[in-house]
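Please read the structure below before turning to the comments.
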Amino acid sequence: MSSNPDTCIRCGTCAKVCPTSAIEFNPIIHTKPVVDTSKCILCELCASHCPVDAIPVLYVLPPRKLERWTISINRDLCIGCNLCVDACKITLKGDHAPYLKGGLAYVDEFKCIGCGACAVTCPTECVRVVKVYDRKRVEGRAEEVVVMP
């Protein structure tokens with residue numbers, strides 16, 4: 001996987017959609033996704049799902065059109081660690097959609113771009129992002145709906 005580290009927003013979508021778990025991404029320790037080339041089958045789902053086209057599609061799949069997304073936070077699981085806010089600040093280059101109020105996470109849905117960086121970072125998995133893609137462009141192993149984490 002060749003990627004442009006300047007374009008990557010560190011959301012983890014590529015790791016989530018990889019059918020062989022060839023891509024690892026932990027936003028706390030990695031600056032960009034790490035690919036195990038021995039597991040990669042060159043299906044290009046990572047590139048097709050990338051919300052900012054940081055991974056070029058070389059051969060097979062067209063880029064996926066993200067039609068809509070929902071984000072939810074289970075505050076019963078939230079520990080107020082602020083990692084979701086930090087992940088979003090990196091993604092949105094200083095601004096952020098999640099915020100803490102009374103020690104619990106909330107999200108400004110008008111600022112949210114649906115990338116899932118907050119969900120990938122959350123240690124308790126209390127943040128859930130559901131992405132729904134255009135059906136017309138679903139091919140091969142590509143899913144119409146991707147749930148993060």
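The values are calculated or read from the model by the stated rules, or taken from the named source; none is laboratory data. It should be emphasised that the depicted structure is a prediction, and the values quoted were computed from it without experimental measurement. Cβ sites come from the backbone with ideal geometry, for glycine too, and all protein chains shown count toward neighbours.
Do we find that Gly114 is modelled with pLDDT under 90, part of a loop (DSSP other than H, G, I, E, B) and within 12 Å of the chain's Cα centre (by Cα) in this structure?
Working: modelled with pLDDT under 90: yes; part of a loop (DSSP other than H, G, I, E, B): yes; within 12 Å of the chain's Cα centre (by Cα): yes.
It is true that Gly114 is modelled with pLDDT under 90, part of a loop (DSSP other than H, G, I, E, B) and within 12 Å of the chain's Cα centre (by Cα).
When only residues in region 35-62 that are touching an Asp or Glu at 6+ places or on another chain (Cβ under 8 Å) and surrounded by fewer than 17 Cβ atoms within 10 Å (Cβ to Cβ) count, which is modelled with the lowest pLDDT?
Going through the qualifying residues, I end up with Val60.
Among the residues of region 96-113, is there at least one that is closer than 16 Å to Met148 by Cα and of a type in the set (Ser, Thr, Tyr)?
The answer is no, given that none of the residues of region 96-113 is closer than 16 Å to Met148 by Cα and of a type in the set (Ser, Thr, Tyr).
Within the bounds of region 67-77, is there any residue that is of a type in the set (S, T, N, Q), touching a residue at least 12 places away in the same chain (Cβ under 8 Å) and either part of a loop (DSSP other than H, G, I, E, B) or buried (at least 16 other Cβ atoms within 10 Å of the Cβ) (or both)? I'd like the intermediate steps shown before the answer.
Taking region 67-77 first, the residues of a type in the set (S, T, N, Q) are 70, 72, 74.
Keeping just the survivors that are touching a residue at least 12 places away in the same chain (Cβ under 8 Å) gives 70, 72, 74.
Subsequent filtering for residues that are either part of a loop (DSSP other than H, G, I, E, B) or buried (at least 16 other Cβ atoms within 10 Å of the Cβ) (or both) retains 74.
Yes, the conditions are met somewhere in region 67-77.
Give the residues of region 63-87 that are at pLDDT below 85 and under 19 Å from Glu24 (Cα atoms), sorted by residue number.
Of everything in region 63-87, just one residue is at pLDDT below 85 and under 19 Å from Glu24 (Cα atoms), namely Ala87.
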